[in-house]
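Derivation of every value follows stated rules applied to the coordinates shown; laboratory data play no part. This structure is a prediction, so every number in the text was calculated from the model and none was measured. Cβ: placed from backbone, ideal geometry, glycine included. Neighbour counts: every protein chain shown.
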Amino acid sequence: MPAVVISFVDGEVLHAEIPELTFEMPVIEAEVRGVEPNNQRAILPLTAITQIIVGAPEPPPAEDVVAGWDRAAFHFIDGQVLRASIAPDALLGRHGGIWKVFPPGGVELTTLAIPYCALKGVFHVRQWDSRPLAERGDGTRIDTVTRVLAERERHLEELSTPEQRRPLMSRMGRRRAP
């Protein structure tokens, strides 16, 4: 049974052993290992889990090996983003996936099991560039978006009546006394 570290949505962490992790069911069964001697086994819904670290970290792969792997950005529902090169032997189940990940500048290879319900998506990226959009040298795109939004606003303003252009509070009728 592989030892795992389970991270929950609320920030709690649980050390456990699991018989097999396939993500074919919406729950996982675990033998709990921790300070609480009363807990032995648990059934954990995947909707409560953010990620699972499976086994011990491994030594880093050779640079030429990692260069052949896909680069991915895992966007989690809670806003976290994990950037990593992913080994080609990912296991994708019905309710989640298991990936061997190596972050840029990392020192170890980690096996992560992530339920799909914890993710917005896993994006294949061309390059590692974490600078804000405005600093990437693609200012023309931002200028275009700003110009389009301004044109839409101006067009809507031209279509509005003089009554609609008055401030909202002045357009509200006063309640009449009976």
Environment charge of THR22, counting only residues whose C-beta is closer than 15 Å and scoring Lys/Arg +1, Asp/Glu -1 | -3
15 Å reach of a label modelled at GLN127, 7 Å along Cα-to-Cβ, counting backbone N of segment 56-83 = 71
Along Cα→Cβ, 7 Å out, is where each label goes; now give me the distance between the ones at SER160 and VAL145 in nm to one decimal.
-> 2.4 nm
Alpha carbon centre of segment 63-87 versus segment 1-53: separation in Å?
-> 23 Å
Using alpha-carbon pairs under 8 Å, 6+ residues apart, how would you state the relative contact order of segment 1-138 in percent?
-> 22 percent
